[in-house]
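Structure record follows, encoded as structure tokens.
No lab work stands behind these numbers, since they all come straight from the coordinates. Quick caveat, the model's predicted, so the values are computed rather than measured. So basically every Cβ, Gly included, is an ideal-geometry build from the backbone, and we count neighbours across all protein chains shown.
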């Protein structure tokens, strides 16, 4: 799940790796760009999360969507794990400050 400009940055990184949106299902990946981030588009998020075991939320600055998604799936019997700013062990994953940029570091494809 990628929010706003981060979605376009993610698409650029995928393109630099030689991948397009049509290539992702074969890799077990799917993308979602919510139209409304606060409050989170609940129906769209539910459809996206259905059947997933893990969701990576890519958003700049505060974890607005990540926190809402965690709250939304928390009480489900089969819920995906959710990470973004931190990985599942609590280590930094995506920057809290500044701007995320696809050119900040070369992709490891």
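Look at the alpha carbon pairs under 8 Å that are at least 6 residues apart: their mean separation over the length of the chain gives a relative contact order of 30 percent. Calculated mean residue ellipticity, 222 nm, the chain: -8000 deg cm²/dmol, from DSSP H runs (n ≥ 4) at -39500 (n - 2.57) each, averaged per residue and rounded to 500.
Based on C-alpha pairs under 8 angstrom that are at least 6 apart in sequence, region 27-91 has a relative contact order of 32 percent. Among 72, 30, 47, the residue with the largest mean-square fluctuation in a Gaussian network model of the chain, with springs joining Cα atoms closer than 10 Å, is 47.
Fully extending the segment from residue 38 to residue 8 would add 8.9 nm, taking 0.36 nm per residue of separation and subtracting the current Cα-Cα distance. Here Cα Rg over 2.2 N^0.38 Å was computed from the coordinates, and among [x] 2.81; [y] 1.19; [z] 1.05 the match is [z]. Taken along the Cα-to-beta-carbon direction at a fixed 7 Å, the label points for residue 72 and residue 26 span 3.0 nm. Going by neighbour counts of Cβ atoms within 10 Å, the residues 46, 22 line up, fewest first, as 22, 46. Fewest-first ordering of 40, 93 by other beta carbons within 10 Å of each residue's beta carbon gives 93, 40. So what's the angle, to the nearest 10 degrees on a 0 to 90 scale, between helix 64-73 and the longest Cα principal axis of the chain? Around 40 degrees separate the two axes. Calculated FRET efficiency, residue 16 and residue 91, Cβ-Cβ r, R0 35 Å, to nearest 0.05? Approximately 0.90, to the nearest 0.05.
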